[in-house]
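Novice: For reference, the structure I am asking about is given below.
Only the coordinates and a few stated rules stand behind these numbers; no lab work does. In this text the structure is predicted, and so the values were computed from the model without any measurement. Because the Cβ atoms are built from the backbone with ideal geometry, glycine has one as well, and the counts that use them run over all protein chains shown.
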Amino acid sequence: MVVGAAGIGLAYQLKARSIRSDLDRDLDNGTPPLDSRDPRFDEGRSAALVSSIAYGIAGAAGAVGGFLTVRALIGRRSARRSVAVRAAGAGAALEVRW
Amino acid sequence: MRWCTALLLLATCCGQSAFDDRAARAWSRSAGAPDGISSATYAVSLTTVDREQPGATVVVAGSGPSSLSTLSYDVGGELEMHGVDVDGGFPDAPVMAGSLDPVTGGNGVVAVADGAGAVLFFDARTGDLGPAFRVSVPAEACGAAPTFGTALLFALTDPDEDVEPDLVALADDQLVVLRDLDLDKIDQDIPPDCARCSLPDGAAVALAAGAVDDDDGEDIAALAATGKRISIFTAEQVRAAAGAGCGEPLVVLTPPAADDSFAPPMSIGDIEDNDAPEIAVASIDHRVVYIFHDVSGGAPGVIPIPAPADSAAFGTSIAFGDFDGDEIEELAVGDPLASPEGVAGAGQVTLYRFEGGELKPEATLYDSEPEEGQHFGRSLDVAEFGLGGAEYRDLLVVGASGEVFTYFRVTAATEDPRS
């Protein structure tokens, strides 16, 4: 999910960059002169918004994923620490803490 | 490391604000109809009014039903629009003229011919106030023909430092001048100071004003309905005629070819900044725009500007203005049936600069997303954009179907006057 959302964010960001470059070129040398109601302004804003949202989702998913991974790793270490072998018996007891 | 840098660059660019910043820097600002009007067709005519406050004001007419709107730009280029439906209505494409009304403390005023023999005056209030009807002047007030208002313009005709505009109007073959028009007095039933004379070539269809003779007062050019002559008179001649013939014109201009004719409109400007004005007018077939050069010199030369090959309406609108701020005027020629980028009838406006004895195209303007039948350039005017104090810059205002474009710059080298 993180990779998918980041990919979407990147794709829309590249689109926004391309529109921005087009607009900069037209602002500098444009024939015809650029109009403030040119639809590319809205397209650029939309692409930037979608990109931000996708990056946000990727970031949030990454953070949640990272948190769960870290918690799982901590859990495994705790589990390892709690393995106890008692000499008095013929078996082993395993205690896992969540 | 390189990947990290690339990702960082990506992450730091292209928020929505990047596009807001660029939209604010765009060279033109287009505007459709404002809220508050019911007109099915917007921008059928436009004019500009001078004002003493910084910024600029454009007045736009709509039809079906008739409406008037004001587009007010502040000195930063922020636009406020307001429109009102007009009781009684105008012709579909009303004749309009705008000016500064010095009596009302520096606000603009617009005159509109109602097509029924009267000229209506509206205050062109700025911001969100919009236009407001003020007073009307019927043809009878000046003893003029009922077609009073076939063409209208405001002119400063007094020889020295005139600040009170006269209204100049056509009514059939009559040239009518309402001297130092004071709308407050008309509102108090004090009759306007009218003068009129009969034009030697019969009915006329277009007017233009500019200082042609030696004094500073603007003189009046009238284009005969036959298209065969442009005659220029002083306002003093009109007053002296006392309703009789206008007398011998200061200057008479005829088409370069005997079988050719002129088509309205026409405009007076000065493309050399030599105090010898030029008159621009299209041929009747709109295949060429003629520039009569140094009109005050007695025997003006003619510079023809040929229409582009695919053009059918070259010169439908014409205006002179100093659009690049170099204190020398350029000529803007509208061609509403042109097909820029292959889009039929999208229309375009070409700006010409006088250089080396000829007029060279400096820029071509059309909608950055041209639309079929947009008819960009069907009307043109020049708005004086006040920068504060006595500093002004000319902005080009272009009418199209349903929208109005205001150009703050016309080329990359032009300075943007918005602060």
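Novice: Consider just the alpha-carbon atoms of the stretch B:266-419 and return their Rg together with their Dmax, both in angstrom.
Specialist: Every Cα atom of the stretch B:266-419 included, Rg and Dmax give 15.2, 45 Å.
Novice: For peptide B:52-59, compute the average count of partner chain beta-carbon atoms within 10 Å of each residue's beta-carbon.
Specialist: 0
Novice: Got a sec to turn the phi values of the stretch B:230-241 into Karplus ³J(HN,Hα) couplings, 6.51 cos²θ - 1.76 cosθ + 1.60 with θ = phi - 60°, whole Hz, x for Gly and Pro?
Specialist: Couplings: 10, 10, 10, 10, 8, 5, 5, 4, 5, 5, 5, 5 Hz.
Novice: Please give the average number of partner chain Cβ atoms lying within 10 Å of the Cβ of each residue in B:17-25, rounded to a whole number.
Specialist: That works out to 6 on average.
Novice: Quick one: which of B:406-419, B:66-79 comes out on top by average Cβ neighbours within 10 Å, and what's the full order, highest first?
Specialist: B:66-79, B:406-419
Novice: When only Cα pairs under 8 Å and 6 or more residues apart are kept, what is the percent relative contact order across the stretch B:360-419?
Specialist: Result for the stretch B:360-419 is 27 percent.
Novice: Tell me the relative contact order for chain B as a rounded percent, counting alpha carbon contacts under 8 Å between residues six or more apart.
Specialist: Values: 1182 pairs, mean separation 50.0, N = 419.
Over chain B, the number comes to 12 percent.
Novice: May I pose another question? Under 26 Å Cα to Cα from B:LYS185, which lysines show up? Leave out anything in the same chain fewer than 8 places away.
Specialist: Counting by Cα, and skipping residues close in sequence, B:LYS185 has no lysines nearby.
Novice: What fraction of the Cα pairs in the protein assembly as shown, stated in percent, has a spacing above 29 angstrom?
Specialist: 57
Novice: Then there is this: What 222 nm value per residue comes from the helices of the protein assembly as shown, counting each DSSP H run with n ≥ 4 as -39,500 (n - 2.57) and dividing by all residues, nearest 500 deg cm²/dmol?
Specialist: Per the formula, -6500 deg cm²/dmol.
Novice: While we're here: Working from Cα positions, state the angle (0 to 90°, nearest 10) between the long axis of helix B:16-25 and the longest principal axis of chain B.
Specialist: The helix B:16-25 is inclined about 30 degrees to chain B.
Novice: Here's another thing I want to ask about it. Would you mind checking which residues have amide H under 5 Å from B:THR41's amide H? H placed 1.01 Å from N; only 5 or more apart, or other chain.
Specialist: Under 5 Å from the amide H of B:THR41: B:SER63.
Novice: Give the relative contact order (percent, whole number) for the stretch B:198-313; include only Cα pairs under 8 Å separated by 6+ residues. The partial results should precede the final answer.
Specialist: Values: 241 pairs, mean separation 21.8, N = 116.
It rounds to 19 percent for the stretch B:198-313.
Novice: Also: If you split all Cα-Cα distances of chain B into 10 Å bins from zero, what percentages do you get per bin, shortest first?
Specialist: 5, 22, 33, 26, 9, 3, 2, 1, 0
Novice: Using the Cα atoms of the stretch B:248-330, I'd like the radius of gyration and the largest Cα-Cα distance, Dmax, both in angstrom.
Specialist: Values for the stretch B:248-330 (Cα only, Rg and Dmax): 13.0, 41 Å.
Novice: If you don't mind, there's one more thing I want to ask. Could you pull out every one of the lysines with an alpha carbon less than 28 Å from that of B:LYS228, ignoring same-chain neighbours closer than 8 positions?
Specialist: Leaving aside lysines fewer than 8 places away in the same chain, those within reach of B:LYS228 are B:LYS360.
Novice: I would also like to ask the following. What average number of partner chain Cβ atoms lie no more than 10 Å from the Cβ of the residues making up A:21-34?
Specialist: Averaged over the peptide's residues, the number is 6.
Novice: What is the dipole size for chain B, taken about its Cα centre, with +1 at each Lys and Arg Cβ and -1 at each Asp and Glu Cβ, in debye to the nearest 20?
Specialist: Dipole magnitude for chain B comes out near 1360 debye.
Novice: Sticking with this one: Return one number: the angle in degrees, 0 to 90 and rounded to the nearest 10, between the long axis of the Cα atoms of helix B:2-11 and the longest principal axis of the Cα atoms of chain B.
Specialist: Approximately 40 degrees, to the nearest 10.
Novice: Continuing with the same structure: Once Lys and Arg get +1 and Asp and Glu get -1 on their Cβ, which of B:ALA203, A:SER36, B:GLY15 lies farthest toward the positive end of the dipole of the protein assembly as shown?
Specialist: B:GLY15
Novice: Net charge near B:GLY115: determine it from the other residues with C-beta under 15 Å of the C-beta of B:GLY115, scoring Lys and Arg +1 and Asp and Glu -1.
Specialist: Summing Lys and Arg as +1 and Asp and Glu as -1 gives -4.
Novice: Would you kindly derive the ³J(HN,Hα) couplings of the stretch B:152-163 from the backbone phi angles with the Karplus curve 6.51 cos²θ - 1.76 cosθ + 1.60 (θ = phi - 60°), listing them in order in whole Hz, with x for Gly and Pro?
Specialist: 9, 7, 9, 9, 9, 9, 5, x, 10, 6, 6, 10
Novice: For the stretch B:128-246, what's the radius of gyration and Dmax over Cα atoms, in angstrom?
Specialist: Rg and Dmax of the stretch B:128-246, Cα atoms, are 14.2, 46 Å.
Novice: Taking the Cα centre of the protein assembly as shown as origin, work out the dipole magnitude from +1 charges on Lys and Arg Cβ and -1 charges on Asp and Glu Cβ, in debye rounded to 20.
Specialist: 5720
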